[in-house]
Each structure stands twice: as C-alpha cells, then as structure tokens.
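J.: Here you go, one structure.
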Amino acid sequence: MPTGTKHFDVRRNDTVKVISGRDKGKQGRVLRVFPDKERVLVEHVAMVKKTVSRRNPQSQSGGGIAEQESPVAISNVMLICPQCGPTRVAHHREGDSNVRACRKCGSTLEN
Ligand SMILES: [Zn+2]
C-alpha cells in the first residue's frame, strides 16, 4: 500500500449536495478537487466576495467586487444518486476498474 495516497469518492464534474455548513442543501457541479487539502470547489457553493484591483488605469470597467467559489471540505458534500438523491458511495470491481455505485440502490454512479 503506498502511503499518502488517498482515495476520494468525489470527482470533477460530479454533482454533489452540500450536507453541512453555510450552504447546506445547495447542489452543484464539482469544479475542482484538492486531494491534499481534502477539499472541493463546487459551482455556486461557498461564494466569497473578492475585491478586484483597480490599479490598472487603462481599464475603465475593471475593479469592484466579484464573487467566486471557495473550497469546501469533501466531508461536507455527498454524491447524488439519480434514484435516491444524496448517498454514500460503494465500490465495485469491474474488471480492472473500480466503479462507484449507490450504497442504497446499487446504481452505478459513473458519468
Ligand atoms: Zn441510489
């Protein structure tokens, strides 16, 4: 077993539901996974206001406040099963690959 290699059930482009925190109940697409930080960036979740620099005088429209996603803990999101909704993930071996499946109904959750 290699050390430091962690497996996560959530991957990029999955649709997940936030199960705790400020954005509890929200659903979104996973934009990025940060395995070493155990965090994910989810579309429209954990939006933070970010000040955009006005330093460039050439730009008339630049500057002001923009909103962007901030990473949330992987443990705060759940993968969504099309049949059951948010679910825990089971793993099945199919040949050489590890396939994710819904722990409740057994549906395969691969895109
Ligand atoms: Zn299911």
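J.: State yes or no: is Gly21 within 16 Å of the ligand (Cβ to nearest atom), surrounded by 11 or more Cβ atoms within 10 Å (Cβ to Cβ), in a loop (DSSP other than H, G, I, E, B) and more than 13 Å from the chain's Cα centre (by Cα)?
T.: Spelling it out, it is not the case that Gly21 is within 16 Å of the ligand (Cβ to nearest atom), surrounded by 11 or more Cβ atoms within 10 Å (Cβ to Cβ), in a loop (DSSP other than H, G, I, E, B) and more than 13 Å from the chain's Cα centre (by Cα).
J.: Only one of (1) more than 14 Å from the chain's Cα centre (by Cα); (2) at pLDDT 95 or above; (3) of a type outside the set (A, V, I, L, M, F, W, C) is not met by Gln27, so which one is it?
T.: (1)
J.: Here is a further query. Can you tell me which of (1) within 16 Å of the ligand (Cβ to nearest atom); (2) in a strand (DSSP E or B); (3) surrounded by 12 or more Cβ atoms within 10 Å (Cβ to Cβ); (4) not hydroxyl-bearing (Ser, Thr, Tyr) is the one Val40 doesn't meet?
T.: With (1) within 16 Å of the ligand (Cβ to nearest atom); (2) in a strand (DSSP E or B); (3) surrounded by 12 or more Cβ atoms within 10 Å (Cβ to Cβ); (4) not hydroxyl-bearing (Ser, Thr, Tyr) applied to Val40, the lone miss is (1).
J.: Just wondering, is there one or more residues in the range 77-97 that are under 18 Å from the mean Cα position of the chain (by Cα), outside any loop (DSSP other than H, G, I, E, B) and more than 16 Å from the ligand (Cβ to nearest atom)?
T.: yes
J.: Can you name the residue in the range 98-111 that is polar (S, T, N, Q) and part of a loop (DSSP other than H, G, I, E, B) and, of all such residues, is farthest from the ligand (Cβ to nearest atom)? Before the answer, list the steps.
T.: Kept after step one, since they are polar (S, T, N, Q), are these residues of the range 98-111: 98, 107-108, 111.
Remaining after also requiring part of a loop (DSSP other than H, G, I, E, B): 107, 111.
On the way: Ser107: 5, Asn111: 15 Å.
Restricting to residues being polar (S, T, N, Q) and part of a loop (DSSP other than H, G, I, E, B), the top hit is Asn111.
The values are calculated or read from the model by the stated rules, or taken from the named source; none is laboratory data. All figures in this text were calculated on a predicted structure; none of them were measured in a lab. So basically every Cβ, Gly included, is an ideal-geometry build from the backbone, and we count neighbours across all protein chains shown.
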